[in-house]
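What follows is a single structure, written as structure tokens, with notes after it.
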Amino acid sequence: MVVLHLVTWTIMFSLPHLLKADRTANDREVFDRHKDAFIALFIIINVLWIGLFYLNAYVLIPQFIYRRKVLMYIVALMGYIGFMLVVDVSFFMLFIPDASFSVYNFFVFNFFPLLFILLGSTAYRLIIDRIESRQRAKDRIAENLKTELSLLRSQVSPHFMFNVLNNMVALARKKSDLLEPSLIKLSQLLRYMLYETHEKVSLHREVEYLQSYIDLQQQRFGKAVDINTEFDIGSDNHSIEPMLLIPFVENAFKHGAVMIQDPMIEIRLKVRGKRLDFSVRNKYRPEGEEVKDEASGIGLVNVERRLKLLYPGKHALKISKEHPWFEVQLNIDLE
């Protein structure tokens with residue numbers, strides 16, 4: 001933007017020289033005699049042109065043109081031109097008294113600079129308005145996205161808490177020695193959810209969160225459910241949106257751990273370069289035999305929505321059901 005302004009004023013300052021007529025011998029003599037005064041006048045007039053440019057762009061157009069006060073705009077513009085004329089006449093009278101001054105020549109000489117200034121400053125004002133309009137639109141989209149993501153996350157969290165607290169109840173009923181370490185692990189999970197998930201987190205931290213949740217579920221079901229996990233995130237420092245993968249794991253335990261013959265859950269996560277491959281498989285009951293509740297499907301619907309918002313064009317999600325397996329495959333470009 002600064003470069004554009006410099007180029008504009010360079011052209012502006014060149015116009016008088018490009019448009020000037022040949023001087024007579026008398027004019028050349030007067031110019032040579034008052035050379036310093038003419039240079040000072042040239043600078044003053046161009047400063048006034050610059051003032052008109054920004055006055056038109058930031059005051060006259062917003063205050064008058066945008067409010068459809070065209071007559072007021074014309075009056076203000078004529079007032080500024082009149083002020084320039086007074087400055088020009090006064091300067092000639094004070095510092096160049098032996099030079100002839102013509103009002104007609106003043107308007108003829110300044111017509112093209114005036115036209116250039118008005119067109120340029122109007123275009124500049126329109127460009128500024130366009131940029132500001134686009135920025136406001138982006139800000140609204142970003143704010144709406146932030147609000148929507150917060151809502152989606154808040155919908156996931158209660159579902160997670162409901163499942164984990166059920167685990168605690170089961171351990172308490174069994175008077176299990178695992179209750180205390182499980183509560184400690186739960187507090188760590190809550191700390192992660194409440195204080196570490198406001199922006200992207202390290203993939204290593206997210207995997208720790210998944211593993212802790214799986215450990216709690218393993219304590220609940222014991223050997224009744226065959227749980228196989230494989231996490232390979234490599235050595236690179238990748239980051240990911242928080243709590244993006246947990247709904248798939250929650251869903252697997254919710255629908256694949258109870259009232260299933262030989263229940264089995266497989267969870268795998270691998271990172272190769274910038275690509276994350278995540279899959280969850282669990283056995284499921286036929287739809288006619290499965291007991292539904294009001295929360296069914298909420299987690300998966302939300303995570304699909306979050307993926308579209310957070311990784312547009314950078315993820316692939318495939319959900320398939322082929323009895324007796326329900327499988328989720330997710331690929332994310334982490335770059």
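Bear in mind that the values in this text are calculations on the coordinates, not laboratory data. No experiment lies behind these values; they were computed from the predicted model shown. Every residue, glycine as well, gets a Cβ built from its backbone with ideal geometry; the counts of neighbours run over all protein chains shown.
So which GluC sites (Glu not before Pro) in region 166-234 are both in a DSSP loop and have at most 16 other Cβ atoms within 10 Å of their Cβ?
Details: sites: Glu196, Glu199, Glu206, Glu208, Glu230; in loops: Glu196, Glu199.
Filter output for region 166-234: Glu196, Glu199.
Kindly put Tyr66, Tyr209, Tyr195 in sequence by how many other C-beta atoms sit within 10 Å of each C-beta, fewest to most. Could the numbers behind the result be given before it?
Details: Tyr66 12, Tyr209 22, Tyr195 8.
Fewest-to-most ranking of Tyr66, Tyr209, Tyr195: Tyr195, Tyr66, Tyr209.
Give me Lys185, Lys274 ranked fewest to most by other Cβ atoms within 10 Å of their Cβ, as a rough exposure proxy.
Values: Lys185 17, Lys274 12.
By the 10 Å Cβ count, ascending: Lys274, Lys185.
Starting from the eigenvalues of the Cα gyration tensor, five times each then square-rooted, give me the equivalent ellipsoid semi-axes of region 183-335, largest first, whole Å.
Values: eigenvalues 123, 69, 46 Å².
One finds semi-axes of 25, 19, 15 Å for region 183-335.
For region 184-207 and region 246-260, what is the centre-to-centre distance using only Cα atoms, to the nearest Å?
For region 184-207 versus region 246-260, the Cα centre distance is 21 Å.
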